[in-house]
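Novice: My questions will all concern the structure given below.
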């Protein structure tokens, strides 16, 4: 699964209306299962902001990753520190924001970091 998800890196990310959000810059996976849970999308001018969206809300369409939320929902998501990991508290904020029916898991690590 992680190898397949690596192909999503550096692809354009679009919202559910086809509006360009930015570029997928990282993928965060469960530490134990290595199952991808979140995508980090560089948004804003010069990639100054990173929006985090649930993998389950994303799909490939041609060369693009389409997120099943509108731009406003994605850009208003809570800011999280995504340098290396997303902790359970940050995950819960995101889960609540995107109305995901699950609870936060253990820390999630960047697939880029896991593969180093």
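The values are calculated or read from the model by the stated rules, or taken from the named source; none is laboratory data. These numbers come from a predicted model, not from an experiment. Positions of Cβ are generated from backbone atoms using ideal geometry, with glycine treated the same way; all protein chains shown enter the neighbour counts.
Novice: Just need a number here: residues in the range 27-52 that are over 19 Å from residue 93 (Cα atoms) and either in contact with a helix residue (DSSP H, G or I) (Cβ under 8 Å, 6 or more places away or on another chain) or free of Cβ contacts under 8 Å to residues at least 12 places away in the same chain (or both).
Specialist: Result for the range 27-52: 6.
To keep it simple, each residue is scored yes or no on (1) without any contact (Cβ under 8 Å) to a residue 40 or more places away in the chain; (2) under 14 Å from residue 110 (Cα atoms).
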{"site": "4", "(1), (2)": "yes, no"}
{"site": "25", "(1), (2)": "yes, yes"}
{"site": "59", "(1), (2)": "yes, no"}
{"site": "67", "(1), (2)": "no, no"}
{"site": "74", "(1), (2)": "no, no"}
{"site": "78", "(1), (2)": "yes, no"}
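Novice: Can you tell me which residue in the range 8-55 is nearest to residue 81 (Cα to Cα), limited to those that are out of contact with any strand residue (DSSP E or B) (no Cβ under 7 Å at 6 or more places or on another chain) and modelled with pLDDT of 90 or more?
Specialist: Filtering the range 8-55 for residues that are out of contact with any strand residue (DSSP E or B) (no Cβ under 7 Å at 6 or more places or on another chain) and modelled with pLDDT of 90 or more, the one nearest to residue 81 (Cα to Cα) comes out as 19.
Novice: With the structure loaded, tell me whether residue 93 is over 12 Å from the mean Cα position of the chain (by Cα) and assigned to a strand (DSSP E or B) or whether it fails that test. Reasoning before the result, please.
Specialist: Working: over 12 Å from the mean Cα position of the chain (by Cα): yes; assigned to a strand (DSSP E or B): no.
It is false that residue 93 is over 12 Å from the mean Cα position of the chain (by Cα) and assigned to a strand (DSSP E or B).
Novice: Exactly one of these conditions fails for residue 109: (1) modelled with pLDDT under 85; (2) assigned to a strand (DSSP E or B); (3) touching a helix residue (DSSP H, G or I) at 6+ places or on another chain (Cβ under 8 Å). Give me its number.
Specialist: (3)
Novice: Out of the residues in the range 56-84 that are exposed (fewer than 14 other Cβ atoms within 10 Å of the Cβ) and in a helix (DSSP H, G or I), state the one that is modelled with the lowest pLDDT.
Specialist: If we take residues in the range 56-84 being exposed (fewer than 14 other Cβ atoms within 10 Å of the Cβ) and in a helix (DSSP H, G or I), then 56 is modelled with the lowest pLDDT.
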